[in-house]
Amino acid sequence: MGPRRLAFVLPLATAVVLVSCTSEAARPQPQGDPIVIGAPIALTGSLSGEGQMLQEGDYFCRNWINAKGGVHVRGVWHPLVIDVQDDQSRASVSAQVTERLISQDHVRLLLGPVGNLAADRDATVAEAHQVPILLGSSAEGTFNRQLQYVFGVASPASHYLRGVVDMALSLMPAPQSAAILFARDSFSTEVANDLSAYATGKGLSVVYFDSFPGGTNDLRRKLEAIAAAAPDLVLEVGGQSDTMVTMEEAPQLNVHPALFAFTSGPDDPGFLSDLKQAAEYVYGSTQWAAGARLPIGYFLDGKAYAAQYLAAYGHRPDAYSAAATAGCLALGVAMEHAGSTEPQAVRSALATLDLRTFYGEIRFDGRGLNVFKPMEVLQVQDGVAVVVWPPAAATKRPRYPMPGWDRPRDQR
C-alpha cells in the first residue's frame with residue numbers, strides 16, 4: 001500500500017474570497033517571517049511572452065495567498081514572496097539562476113521556468129541541493145530519472161491527444177485508422193511515439209507516421225501522402241505555425257479526415273482569428289481550459305480565476321499562467337500540511353498531496369509526475385473553442401464527423 005494521501009478541501013465559499021471584498025478586520029494578519037520561493041523565468045529573450053504569463057500566474061497565486069493572510073504554518077501566518085529572476089530564455093542561464101537562488105540567496109523552495117529543457121536543467125540543480133521544485137513541464141524524460149525533489153503539475157507529454165483518440169472511438173461512425181504528423185524535435189517526437197503506441201493499443205491502424213522540420217512553411221508533400229492513405233483521423237504534434245500551415249494547405253489538397261486534431265490548436269492565440277471558418281470542427285488538446293467543469297476543493301473555479309486574472313492583468317490567462325498558479329498553490333498547501341518550510345518536510349507533503357483545483361487534480365506518482373490529471377479536448381464550434389472531452393468536464397458535445405471542404409463550415 002502506498003503512502004496515505006492528504007486531501008485538502010475547503011468550503012468553496014471560503015476559498016473564493018476576493019481581495020477587494022476581504023475586510024482588513026476579518027483577514028488574518030501575517031505574523032511570521034516571509035516565505036521566499038525562487039522562480040527562474042524568461043523575462044527577456046525568445047520565450048519572454050510565455051515568461052510573462054508564467055510570472056503573472058505565480059504572482060496571482062502569491063496575491064491570493066497573501067490576501068487570506070499568507071501561508072499558515074503551525075499557528076503562524078507568513079507572507080509569501082516570489083523572487084523572480086530572469087533566465088534570458090536560455091536553459092544554461094536558467095540552471096545558473098537556480099544555483100544562485102539556492103546557494104547565494106538561500107531559497108529553499110522553487111517554482112519552475114518556461115520550456116522543457118530549462119525545466120530539466122533546473123531540476124538537476126534542485127535535486128542536487130535537495131530543494132523541492134514545482135515544474136509546469138510535461139516532458140517525461142525529466143521525471144523518468146527518478147528525482148526525489150522534482151514535481152510536475154501538468155499532465156505528462158504522453159497524454160497529449162490521447163483524449164482525442166478516446167473521444168473519437170466513442171463516436172459514430174467509429175474511426176478505423178489514423179495519420180500522425182509531427183515536428184522533428186525531441187518533445188514532439190516523444191509525444192508522437194507515445195500517441196502512435198496508444199492509438200495502436202486502442203485498435204486503430206496508424207496508416208501514416210512521419211515528421212517534418214518544425215516551423216516549415218510547406219507541408220504539401222506530407223499532406224499529399226496523408227490524402228493517399230485516407231485516414232479517419234489526422235493527428236498533428238507541433239507548434240502553432242505548423243498547425244496553420246496544415247489547415248491552410250489541407251483544403252487545397254482535399255485532405256478530408258473525419259477529424260483534425262492538433263497539440264497546438266484552438267486554445268492558441270490567433271488560431272480562430274487567422275483561420276476563421278476553416279477553424280470550425282478542429283480539435284486540440286490543452287492542459288487547461290477556463291470553461292472545463294471540474295470539481296473544486298480549493299481556490300477558485302476556472303471561470304472565476306480567468307475573470308479575476310483578466311481584471312488584474314488586462315488579458316486572460318493561458319495554460320502557462322494556470323500551471324504556474326497551480327504549482328504555487330501546491331507548494332503553499334504542502335507547507336501547511338507539513339507544518340514546516342523545511343525542504344524535506346515539504347517534499348514529503350508534496351509526495352502525498354491530493355488537491356482538487358481549477359487546474360484539475362494535483363497528485364503525483366512515484367516519479368513526481370501528475371498522471372492523474374486528464375487533458376481537456378477542445379473543439380471549435382460556431383467560432384468558439386469549447387470543451388468536448390472528457391464527458392465530466394465537457395460543456396458541449398463533439399461535432400463529428402467534419403463535413404467536406406465544399407460544404408459550409410457552419411453546416412452541421
### Task
For region 269-276, indicate whether the set of residues that are out of contact with any strand residue (DSSP E or B) (no Cβ under 7 Å at 6 or more places or on another chain), under 17 Å from G57 (Cβ atoms), surrounded by fewer than 21 Cβ atoms within 10 Å (Cβ to Cβ) and assigned by TED's automatic domain parsing to the domain that holds A183 is non-empty.
yes
### Summary
When region 232-254 is checked residue by residue, the ones that are under 22 Å from the mean Cα position of the chain (by Cα) and under 19 Å from A178 (Cα atoms) are L235, E236, V237, G238, D242, T243
### Query
From the set of residues in region 32-53 that are of a type in the set (G, A, S) and surrounded by fewer than 21 Cβ atoms within 10 Å (Cβ to Cβ), which is nearest to G339 (Cα to Cα)?
G32
### Message
Suppose we filter T200, T216 for residues that are surrounded by fewer than 22 Cβ atoms within 10 Å (Cβ to Cβ), closer than 20 Å to M247 by Cβ, more than 21 Å from the chain's Cα centre (by Cα) and of a type in the set (V, I, T); which single one remains?
### Response
T216
### Message
Quick test for you: out of Q130, Q148, pick the one residue that is in the same structural domain as Y320 (by TED's automatic domain parsing) and either buried (at least 24 other Cβ atoms within 10 Å of the Cβ) or within 20 Å of N370 (Cβ to Cβ) (or both).
### Response
Q148
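Tell me, which strands (runs of 3 or more DSSP E) lie completely within region 54-151 with 3 or more residues that are among the aliphatic types (A, V, I, L, M) and either under 24 Å from A338 (Cβ atoms) or free of Cβ contacts under 8 Å to residues at least 40 places away in the same chain (or both)? Quick ask: steps written out before the conclusion?
Working: elements: 71-73, 76-78, 80-86, 133-135.
Result: 80-86, 133-135.
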### Sole residue being without any contact (Cβ under 8 Å) to a residue 60 or more places away in the chain, within 23 Å of R162 (Cα to Cα) and not charged (D, E, K, R), chosen from S264, S285
S264
### Message
Show the residue pairs meeting these rules: Cβ distance below 7 Å; 6+ apart or different chains; first residue within region 333-344 and buried (at least 19 other Cβ atoms within 10 Å of the Cβ); second residue among the polar types (S, T, N, Q) and assigned to a helix (DSSP H, G or I).
### Response
A338/S348
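The values are calculated or read from the model by the stated rules, or taken from the named source; none is laboratory data. Because the structure is predicted, anything quoted here is derived from the model rather than measured. Cβ sites come from the backbone with ideal geometry, for glycine too, and all protein chains shown count toward neighbours.
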